[in-house]
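Read through the structure below, which is laid out as structure tokens, and then see the notes.
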Amino acid sequence: MALAAARRLLLHAGSRLGRREAVDGARRFANKRVLVETEGPAGVAVMKLRNPPVNSLSLECLTEFTISLEKLENDKSIRGVILTSECPGIFSAGLDLLEMYGRNPAHYAEYWKNVQELWLRLYTSNMILVSAINGASPAGGCLLALCCDYRVMADNPKYTIGLNESLLGIVAPFWFKDMYVNTIGHREAERALQLGTLFSPAEALKVGVVDEVVPEDQVHSKARSVMTKWLAIPDHSRQLTKNMMRKATADSLIKQREADIQNFTSFISKDSIQKSLHMYLEKLKQKKG
Ligand SMILES: CCCCC/C=C\C/C=C\C/C=C/C(=O)SCCNC(=O)CCNC(=O)[C@H](O)C(C)(C)COP(=O)(O)OP(=O)(O)OC[C@H]1O[C@@H](n2cnc3c(N)ncnc32)[C@H](O)[C@@H]1OP(=O)(O)O
């Protein structure tokens, strides 16, 4: 409830928590975890996730992300968004494991509702979305990239991307799966989902998880040049086409949002699933030292 109130305040009362300033004709607004810079005449915004250390999608981060997108969507001068990260070497570590571990069912339900909301807003956005994937992008991080119309990834073998849920002992929700199938086809998705494959940039390109791999220092310039190409298409025809391609996938979640929340909540609350998440979190800790 408190988050919903914060969201209303941020969105409608301007920016009490956020900031808006003019810099050389460009505009920017920032919440704590999302920075948005817009470039006047081109109608393009650059949205940077900045939730260190790994841009995990905590409830606060999801909320700020959704609010920022909503603001951009309502700003008729904005036609495209480049989605990227301000955390070195990490695009996004995906959903925040600490939101799904050791909490109560009401918290899981609230968290999942916000995950759904961000996904629906991103996936069905009328704007052109290009991701500049400048770091690791597992699970929910990959989901963000898959929502975009075009994905450019940095050519660094340390960065991997994919829906790795099965490695955590959890299952990618059906709408994650649907988007994966839409992007890389049924056979590749079936294999990658079962194995929890995290693809290197070269593999991701080969299988179609990303559209282009470029040297790390060119990710942003390439994303901009891709955006320029997409901006040349009339908005109305591009938007109708995007809607035609994505509507069925979005509708299948819209039709069963409440049931999906119940499924998630009962699945994630299971002792066996909590145990798997505990082990995975321990593994992440041990990796350090
Ligand atoms: C049948 C019905 C089905 C219904 C559906 C049910 C369930 C499905 C539900 C959800 C789908 C899940 C989606 C997800 O996104 S789950 C998250 C998956 N993410 C990962 O697996 C990434 C894990 N992280 C890493 O691999 C690495 O951290 C990294 C991103 C490659 C970065 O490595 P680096 O070496 O740079 O950092 P550290 O590993 O040292 O991490 C620093 C710090 O961050 C913590 N952390 C990492 N990832 C997360 C995360 N996703 N959430 C929360 N915290 C994270 C890590 O533990 C370290 O913490 P510390 O306190 O030790 O500093």
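Bear in mind that the values in this text are calculations on the coordinates, not laboratory data. Bear in mind the structure is a predicted one, so any value in this text is a computation, not a measurement. Glycine also receives a Cβ, built like all others from the backbone with ideal geometry; neighbour counts cover every protein chain displayed.
Between Glu216 and His236, what is 0.36 nm times their sequence separation minus the Cα-Cα distance? Round to one decimal in nm.
3.9 nm
Just to be sure I understand the model, the point goes 7 Å from the Cα along the line to the Cβ. What's the resulting Asp271 to Ala42 distance in nm?
So the two model labels end up 5.6 nm from each other.
Hey, if you put +1 on the Cβ of every Lys and Arg and -1 on every Asp and Glu Cβ in segment 72-186, which of Leu83, Ile184, Leu97 ends up farthest toward the positive end of that dipole?
Ile184
Using a 7 Å offset from the Cα along the Cα-to-Cβ direction at both Asn74 and His186, what is the distance between the two label points in nm, to one decimal?
Here the answer is 4.2 nm between the modelled labels.
Can you order the peptides 112-119, 214-221 by their average number of other Cβ atoms within 10 Å per residue, highest first?
112-119, 214-221
Note down the relative contact order for the chain as a percent, whole number, built from C-alpha pairs under 8 angstrom at least six residues apart.
It comes to 16 percent, rounded to a whole number.
Among Pro157, Ser125, Ser225, whose Cα lies farthest out toward the positive end of the dipole of segment 27-287, if unit charges sit on the beta carbon of Lys, Arg (+1) and Asp, Glu (-1)?
Result: Ser225, furthest along the dipole toward the positive end.
Using 20 Å as the Cα-Cα cut-off, could you pick out the over-long pairs in Lys48/Lys71; Lys113/Lys287; Lys113/Lys242; Lys177/Lys275; Lys177/Lys247?
Lys113/Lys287; Lys113/Lys242; Lys177/Lys275
Pulled fully out, how much extra length does the chain show between Glu282 and Arg28, if you take 0.36 nm times their separation in residues and subtract their Cα-Cα distance?
Computed gain between Glu282 and Arg28 is 87.6 nm.
Taking the Cα centre of segment 27-287 as the origin and placing charges on Cβ (Lys, Arg +1; Asp, Glu -1), which of Leu193, Val171, Pro234 is farthest toward the positive end of the dipole?
After comparing all options, I get Pro234.
Using a ≥ b ≥ c from the Cα gyration tensor of the chain (square roots of the eigenvalues), is it rounded, prolate or oblate, where a/c under 1.5 gives rounded and otherwise the larger of a/b and b/c decides, a/b for prolate? Don't skip to the answer; put the middle values down first.
On the way: a/c = 1.44, a/b = 1.22, b/c = 1.18.
Verdict is rounded for the chain.
Treating the beta-carbon of each Lys and Arg as +1 and of each Asp and Glu as -1, no other charges, what is the dipole magnitude of the chain about its Cα centre, to the nearest 20 debye?
Using only the charged Cβ atoms, the result is roughly 300 debye.
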